[in-house]
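Quick notes on the structure that follows.
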């Protein structure tokens, strides 16, 4: 199992084991080690297989850690896994989130942005994502955003839509995202800047995507700089939570391997799309276009410089609470 973990993940396990041996363990260390041990057992992988899932021990370990962070007692959940379809769906989503290297995405560029991105260096920083709370009570879905038709599995180049909105489409094997610039109801408080909205859909067996049951997630103006910091590879990850009427929507951007995993979700629904590092250029371009909207004289270069110069940019603070 250890062969499938990167240096930082191995270090986290080693440190938890060292603390336990010295009787100075922290909260969660025992659960982490217990779960790591279980992921080496063929019987545990057999339980996963019987539920219609397939993975390696390392793959299962990383997925389980994600679910533990969400409050799961995963060992107990495995016992009743086959009888709980919602748990199977949640575990499938977590497994997909950590199968980045096995997935290939088909990104489509926006507008007239050109050039090629450069390969991002492996993150050597702390992997704990930033967490940002959305303290407003609006539903960031149908009643806040204008509805528009989606074109299913179309892979046509997508720039300006019929209503002149700038839009980017990202495709993965298990899900797809439409990413779009638009106003936020509080944008006037932030120099008129626009924000970015994600609309996500799971893949259908026929190869199209289920846009009829899409998930909508709109960032707030305060969340935009933190997202840009991750896209710039200043930080390895960020997670925005507590969106929507029931406060259960989230968006996570996380560097993994040779690219970025873009995940939206609500309860047990996970929409994970891997984006190759060369294509993150276009996603970063879209975010910067939103930030310069309504600010005459401000350029993308200015946005990048300001985000990079924010206090705490190297430690992930940027005014956001760590998970």
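Of note:
- Neighbour counting of Cβ atoms within 10 Å sorts the residues 180, 14, fewest neighbours leading, into 14, 180.
- Residue-normalised convex hull volume from the C-alpha trace of the stretch 2-98: 95 Å³ per residue.
- Stretch gain in nm, segment residue 299-residue 41, where the contour uses 0.36 nm per residue and the Cα spacing is subtracted: 87.5 nm
Computed from the coordinates by the stated procedures, all read-outs in this text should not be read as laboratory data. Being a predicted model, the structure only gives us computed values, none of them experimental. Cβ atoms come from the backbone with ideal geometry, glycine included; neighbour counts cover every protein chain shown.
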